[in-house]
Amino acid sequence: MAARPKTLAGAVIPVMWGTALAYHDGSLHVLTAVFCALFACGLQIAANFINDYYDFKKGTDREDRLGPERACAQGWITSSAMKGGIWIVVLLSCLFGLGAFFLEYSTLPFQGWELIIMGLLCVVFCFLYTLWLSYLGLGDLLVLVFFGWVPVMGTYYVQAHQLTFTSFILGTMSGLVIDVLLVINNYRDRDQDRLSGKRTIIVRWGEKFGRYLYLWLGILATILSVYLLYNDTLSVAGFTFSSLIYLYLHMRTWQKMVRIRRGKALNMILGENSRNMLLYDILLSAAIVVGA
């Protein structure tokens with residue numbers, strides 16, 4: 001439960017999109033893609049453990065918490081055991097990341113070093129997010145970087161050994177779609193975050209801003225996908241059955257969020273949003289592959 005398997009969609013989506021684009025461009029390396037996915041999922045679990053541990057230590061997981069229960073706060077896992085779990089998962093993730101690196105660059109000495117730096121930054125920001133940056137309202141920017149540009153472009157780069165503007169567009173779309181998940185969490189927790197001193201952008205700019213931020217993140221991701229149609233990465237049918245279906249579901253979920261507005265009932269929106277994200281991931285990946 002502490003690993004929060006439902007959140008792994010946020011780790012899988014960018015890797016699948018980067019891999020689908022690599023296939024489209026004739027550069028698919030299956031085993032490398034698998035190691036990229038394991039690295040991303042491992043760091044997502046590590047981030048969940050870190051969040052569980054340090055929010056418990058800081059007292060952020062209060063008794064009036066509206067989100068899912070946390071393992072340390074509930075006493076299911078001791079803080080010392082959770083700390084050990086963090087380092088074990090981080091180590092395993094790094095090994096998976098190195099596996100992807102050596103598969104591609106073992107015969108190319110002194111190349112690919114930028115991927116090692118990128119991987120180390122991913123690990124560092126796993127900790128910095130919970131320890132500091134989320135309290136400053138920088139969580140949304142970090143999602144765009146580390147759930148958008150870094151994993152999509154990194155997954156594509158490690159297979160294709162190049163970067164393209166299309167990979168940047170896909171990375172931006174991924175960051176926007178996944179940030180919707182963070183926005184609904186922060187929207188639900190805005191009152192508790194204010195009391196805990198956690199200055200998310202919804203705490204700073206209010207409920208109405210958070211409500212429309214949720215809506216426009218999905219709209220902007222769909223608008224950006226028009227570029228994939230323009231440069232023949234997507235067909236008209238692929239665009240229709242991926243982006244437009246996602247936009248319809250996203251707007252339906254937003255309408256429910258607006259009606260609920262506050263309280264634990266918003267956890268239902270989390271589930272719907274995860275479904276929307278995962279469906280978009282599958283449909284868009286398939287559309288890119290079919291369009292190859």
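Residue by residue, here is whether (1) over 24 Å from Ala3 (Cβ atoms); (2) outside any helix (DSSP H, G or I); (3) of a type in the set (Lys, Arg) holds:
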{"position": "Ser80", "(1), (2), (3)": "no, no, no"}
{"position": "Lys83", "(1), (2), (3)": "no, no, yes"}
{"position": "Leu91", "(1), (2), (3)": "no, no, no"}
{"position": "Gly99", "(1), (2), (3)": "no, no, no"}
{"position": "Glu104", "(1), (2), (3)": "yes, no, no"}
{"position": "Gln111", "(1), (2), (3)": "yes, yes, no"}
{"position": "Ile117", "(1), (2), (3)": "yes, no, no"}
{"position": "Leu121", "(1), (2), (3)": "no, no, no"}
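From the list Ala3, Ala46, pick out the single residue that is aliphatic (A, V, I, L, M) and assigned to a helix (DSSP H, G or I).
Ala46
Which one of these does Asn51 not meet: (1) farther than 23 Å from Leu270 by Cβ; (2) in a helix (DSSP H, G or I)?
The one condition Asn51 does not meet is (1).
When only residues in the range 69-80 that are loosely packed, with under 13 Cβ neighbours inside 10 Å and not charged (D, E, K, R) count, which is modelled with the lowest pLDDT?
Gly75
State yes or no: is Arg62 farther than 26 Å from Tyr246 by Cβ and either out of contact with any His (no Cβ under 7 Å at 6 or more places or on another chain) or at pLDDT below 90 (or both)? First the steps, then the outcome.
On the way: farther than 26 Å from Tyr246 by Cβ: yes; either out of contact with any His (no Cβ under 7 Å at 6 or more places or on another chain) or at pLDDT below 90 (or both): yes.
So Arg62 passes the test.
Which of the residues belonging to the range 2-47 are at positive phi and in contact with a helix residue (DSSP H, G or I) (Cβ under 6 Å, 6 or more places away or on another chain)?
Applying the first criterion (at positive phi) to the range 2-47 yields 4, 26.
If the condition is that a residue be at positive phi and in contact with a helix residue (DSSP H, G or I) (Cβ under 6 Å, 6 or more places away or on another chain), then Arg4 is the only one that fits.
The values are calculated or read from the model by the stated rules, or taken from the named source; none is laboratory data. Please read all numbers here as calculations on a predicted model, not as lab measurements. Every residue, glycine as well, gets a Cβ built from its backbone with ideal geometry; the counts of neighbours run over all protein chains shown.
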